[in-house]
Amino acid sequence: MFGGLQHWIEAQHARPSAPTRAWIWTLAFGIATLLFGLHLTQVFPQTGHDIAPGYGAPVLAFEFAGSQADLEAIFGFFTDPQQVTRLAAMRTGNERDYLYMLLYAGFLVSGCIALWRELRHRALLAAAVLPVAAALCDAWENWLLFEIQAAFTLGDYSPAMASLPYPVAAKFLAIAATNVVIGAAATQFGRWWALAGTLAILAAIPTAMAIVTPAAFAWALIPSAAGGWLLLLALAATGSWQALARKRPLVDWSHTAPEPATPGAVLPTRRVFGRRRA
């Protein structure tokens, strides 16, 4: 099986440049991810009871919650009339988040495949595993959040809070790594794409800062992820236009590749000067 897969990868690597439909799938998933993401931000609670300003959105504070005091800062005390509203909005948002996981995973996987079809680097095909891993960690995280919220509603502490940091960190690191791959690939398409790719790579740096000190830098996770995603969306729009309207790939490597040597060609003989040896 692996031999056949290796042969297929080699065949794809040697194929001539051609437009790929993967850009169209990437564009469709990207638009759906963008629109549903904007909708989802309105579903989650807009304000917390007393969260640190560095968290930004209350949902990020919930993802990095580590104690009952953190939960009370997000949802408020039982005497707070807004607590029930915040709890209901958070649960609804996390329920709809499962669809968002499928959308952004499809967007990033399609993008990695499209970039691989254009550049033919195996690392891009391997990078398609990263968004799948991010979505799986996101699903695990959501399951823990449901457990934590249910226990908090009853006034109890949930042991799931001790496991929460692992899927949260893994999810954001996988997304950041995917964005770095996207940015690095974009640098191969030309000067302006190289500039955008470099910015996307730099935008991934705050992810580590946010994981280490979320109370101060968790807000940076949103623009950090958006840098690579918007770049991929722009690449998908351009690649789709090239494929549909101009019937060309985003980058035509056939014009830059050296012509193969003709089999059986006779190499020119080199003259030898000086006395011939006996």
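The values are calculated or read from the model by the stated rules, or taken from the named source; none is laboratory data. Remember, predicted model here, so these are calculated numbers, not experimental data. Cβ: placed from backbone, ideal geometry, glycine included. Neighbour counts: every protein chain shown.
Computed quantities for the displayed model
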quantity	calculated
When residues of the stretch 1-51 are limited to those that are at pLDDT below 90 and touching a Ser or Thr at 6+ places or on another chain (Cβ under 8 Å), the one surrounded by the fewest Cβ atoms within 10 Å (Cβ to Cβ)	Pro16
Test for Ala150: is it small (Gly, Ala, Ser), surrounded by fewer than 19 Cβ atoms within 10 Å (Cβ to Cβ), over 19 Å from the mean Cα position of the chain (by Cα) and assigned to a helix (DSSP H, G or I)	yes
The stretch 52-98, subset outside any helix (DSSP H, G or I) and among the hydroxyl-bearing types (Ser, Thr, Tyr), residue surrounded by the fewest Cβ atoms within 10 Å (Cβ to Cβ)	Thr79
Of all residues in the stretch 101-134 being basic (Lys, Arg) and part of a helix (DSSP H, G or I), the one that is nearest to Leu173 (Cα to Cα)	Arg122
Exclusive hit being under 15 Å from Ser67 (Cβ atoms) and either modelled with pLDDT under 95 or buried (at least 16 other Cβ atoms within 10 Å of the Cβ) (or both), set Leu144, Leu136, Leu130, Leu125	Leu144
Some residue of the stretch 252-272 being surrounded by 10 or more Cβ atoms within 10 Å (Cβ to Cβ) and either at pLDDT 80 or above or in a loop (DSSP other than H, G, I, E, B) (or both)	yes
Subset tally (residues that are more than 20 Å from His121 (Cα to Cα) and either in contact with a Gly (Cβ under 7 Å, 6 or more places away or on another chain) or among the aromatic types (Phe, Trp, Tyr) (or both)) for the stretch 171-203	4
Search result, residues across the stretch 68-98 that are touching a helix residue (DSSP H, G or I) at 6+ places or on another chain (Cβ under 8 Å), closer than 17 Å to Ser158 by Cα and of a type in the set (D, E, K, R)	Asp70, Arg91
